[in-house]
Amino acid sequence: MPDYTEQTTQDILEKIKLLSPGTKLRRALDDIIHAQLGALIVFINEDEMKNSNVFQSGFRLDCPFTPEKLYELSKMDGAIVMDENATKILAANVHLVPDPSIPTSETGTRHRTAERVAKQLGKMVVAISKRRNVVTLYYRDRKHVFEDINFVLTKVGQTINALERFREAFDKDLEKLDEIEVEGRVPLEFICELLIRGVEINAISANIQTSIVELGNEGKLAQLRLREVLSDLDEIIKLLVMDYSKKEITEEEAVKITETIIKSEHRILNVSKALGYDLPNMQQLSELRVSPRGYRILRNEIHIPMNISQNVVKSFHSIDKLVKTNANVLQKVDGIGSKRAKAIVKRLREIKKRRV
């Protein structure tokens, strides 16, 4: 049994795209379903098919794929074999003989065969249930069942509506953070909650990405809305981690800490521990105030490049010290000229005024 990998996940998304609304292959599958026919389709290149003992009998076609041809061939017994790019039909009426010792969770003969072939060959196999009118995709040891398009549209729409509300609340908390950061004493508990909210928005978004891909042409608006929800989110999370980790860290280390937060239970004490604050209980954590280094404000509020932001942080170490300086001192930092120094001082004063 192969391991689940990030590459396998990306690969299966590409396979789902081949079967999504708006594609010729999906048109053929819909025709097969509407005619209440079943089908078993294996996607493999010609040389691999010739060298495998899984494929027996049947007849060779080697003809260009069209939805009409695939529909007509589905009326026959046996499997249909297509190339991996779904551009050619290689064979039809093929008898598949996978290794019977390969474990399968399916019950029907067609689906048991499909799952075993996918696992044995590491290829995409599509099974259409004649009785249930359902399309199931198997790839390696993964399985994806295509749901009713209207159900998927509703599910995705509701999820994105919720995500938009979560992102709005997240952004409001960032505005609040702007105001308390210039004071230099930020509750660590507030930062941990903000990071949890950020990684959970990402997690929910990742969970519906497959559904959006499944929608094909019908999912374009949802994809645009999701892109807006996720705009700059990874960057903000990384900068928050760089600002509030107990020790000075690089961008690469911030990404690793974020991954630790994602993999852990999303609890405040776990997040504080990932940031380097190993506190025994919530009471101590709620009382702890920390000072940000200033990466997020410099990058997102004043749009200073990261390499120059690092020079500023190295010189001042915290945002509260930066707020107390003036443009003449600031412009001595490498990469900060007179114009940029004035812009930084002006923006920090504007943020501080909102606090008053």
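Cβ-Cβ below 6 Å, separation at least six or inter-chain, first residue in the range 200-215 and over 14 Å from Phe166 (Cβ atoms), second open to solvent by 40 Å² or more (accessible area, probe 1.4 Å) and in a helix (DSSP H, G or I): which pairs?
Ile212/Gln223; Val213/Lys17
Restricting attention to the range 92-126, which residues are in a strand (DSSP E or B), more than 19 Å from Phe146 (Cβ to Cβ) and touching a Ser or Thr at 6+ places or on another chain (Cβ under 8 Å)?
Residues of the range 92-126 in a strand (DSSP E or B): 92-96, 124-126.
Going one step further and asking which of them are more than 19 Å from Phe146 (Cβ to Cβ), we end up with 92-96.
Of everything in the range 92-126, those that are in a strand (DSSP E or B), more than 19 Å from Phe146 (Cβ to Cβ) and touching a Ser or Thr at 6+ places or on another chain (Cβ under 8 Å) turn out to be Asn93, Val94, His95, Leu96.
Quick check, is Val199 hydrophobic (A, V, I, L, M, F, W, C), touching a His at 6+ places or on another chain (Cβ under 9 Å) and modelled with pLDDT of 90 or more? Don't jump to the end; show me each part of the working.
On the way: hydrophobic (A, V, I, L, M, F, W, C): yes; touching a His at 6+ places or on another chain (Cβ under 9 Å): yes; modelled with pLDDT of 90 or more: yes.
Yes.
In the range 160-201, what residues are open to solvent by 60 Å² or more (accessible area, probe 1.4 Å), among the charged types (D, E, K, R), more than 19 Å from Asp234 (Cβ to Cβ) and in a helix (DSSP H, G or I)? Step through it out loud before you land on a result.
Of the residues in the range 160-201, the ones open to solvent by 60 Å² or more (accessible area, probe 1.4 Å) are 161, 164-166, 168, 172, 175-176, 183, 185, 193, 197, 200.
Remaining after also requiring among the charged types (D, E, K, R): 164-165, 168, 172, 175-176, 183, 185, 193, 197, 200.
With the extra rule that they be more than 19 Å from Asp234 (Cβ to Cβ), the set shrinks to 165, 172, 175-176, 183, 185.
Scanning the range 160-201 gives Arg165, Lys172, Glu175, Lys176.
Being in a helix (DSSP H, G or I), open to solvent by less than 20 Å² (accessible area, probe 1.4 Å), β-branched (Val, Ile, Thr) and in contact (Cβ under 8 Å) with a residue 24 or more places away in the chain: is that true of Val345 here? If you could, list the steps in order and put the result at the bottom.
Values: in a helix (DSSP H, G or I): yes; open to solvent by less than 20 Å² (accessible area, probe 1.4 Å): yes; β-branched (Val, Ile, Thr): yes; in contact (Cβ under 8 Å) with a residue 24 or more places away in the chain: no.
Against the criterion (in a helix (DSSP H, G or I), open to solvent by less than 20 Å² (accessible area, probe 1.4 Å), β-branched (Val, Ile, Thr) and in contact (Cβ under 8 Å) with a residue 24 or more places away in the chain), Val345 does not qualify.
Just for the range 60-117: of the residues that are over 18 Å from Leu25 (Cβ atoms) and of a type in the set (Ser, Thr, Tyr), which one is most open to solvent (accessible area, probe 1.4 Å)?
Thr107
Regarding Gly198, is this residue small (Gly, Ala, Ser) and touching a Pro at 6+ places or on another chain (Cβ under 8 Å)? Spell out the reasoning first.
Numbers: small (Gly, Ala, Ser): yes; touching a Pro at 6+ places or on another chain (Cβ under 8 Å): no.
For Gly198, the condition - small (Gly, Ala, Ser) and touching a Pro at 6+ places or on another chain (Cβ under 8 Å) - is not met.
So, in the range 132-147, how many residues would count as being touching a residue at least 40 places away in the same chain (Cβ under 8 Å), in a strand (DSSP E or B) and either touching a Leu at 6+ places or on another chain (Cβ under 6 Å) or open to solvent by 60 Å² or more (accessible area, probe 1.4 Å) (or both)?
So the count comes out to 2.
Starting from residues that are of a type in the set (Gly, Ala, Ser) and under 16 Å from Ile351 (Cβ atoms), keep the ones in the range 271-302 and report whichever is modelled with the highest pLDDT.
Of the range 271-302, the ones of a type in the set (Gly, Ala, Ser) are 272, 274, 276, 286, 291, 294.
Narrowing the set further to residues that are under 16 Å from Ile351 (Cβ atoms) leaves 291, 294.
On the way: Ser291: 87, Gly294: 83.
Going through the qualifying residues, I end up with Ser291.
What are the residues in the range 252-270 that are open to solvent by 40 Å² or more (accessible area, probe 1.4 Å), over 18 Å from the mean Cα position of the chain (by Cα) and at pLDDT 90 or above, if any?
Hits for the range 252-270 are Glu252, Glu253, Leu269, Asn270.
When you go through Leu153, Leu188, Leu174, Leu163 one by one, which is the residue that is in contact (Cβ under 8 Å) with a residue 60 or more places away in the chain, within 25 Å of Asp31 (Cα to Cα) and out of contact with any Cys (no Cβ under 7 Å at 6 or more places or on another chain)? Break it down stepwise before answering.
Values: Leu188 fails: within 25 Å of Asp31 (Cα to Cα); Leu174 fails: within 25 Å of Asp31 (Cα to Cα); Leu163 fails: within 25 Å of Asp31 (Cα to Cα).
Exactly one residue qualifies, and that residue is Leu153.
Go over the candidates Leu288, Leu275, Leu239, Leu269 one by one and state the one that is in contact with a Pro (Cβ under 9 Å, 6 or more places away or on another chain) and under 18 Å from Arg185 (Cα atoms). Walk me through it before giving the result.
Working: Leu275 fails: in contact with a Pro (Cβ under 9 Å, 6 or more places away or on another chain); Leu239 fails: in contact with a Pro (Cβ under 9 Å, 6 or more places away or on another chain); Leu269 fails: under 18 Å from Arg185 (Cα atoms).
Only one candidate qualifies: Leu288.
The values are calculated or read from the model by the stated rules, or taken from the named source; none is laboratory data. In this text, all values refer to a predicted model and were calculated from it rather than measured experimentally. Every residue, glycine among them, receives a Cβ derived from its backbone with ideal geometry; neighbour counts consider all protein chains shown. Areas reflect the complete protein model, heavy atoms only, side chains present, ligands, DNA and RNA absent. Shrake-Rupley method; radii C 1.70, N 1.55, O 1.52, S 1.80 Å.
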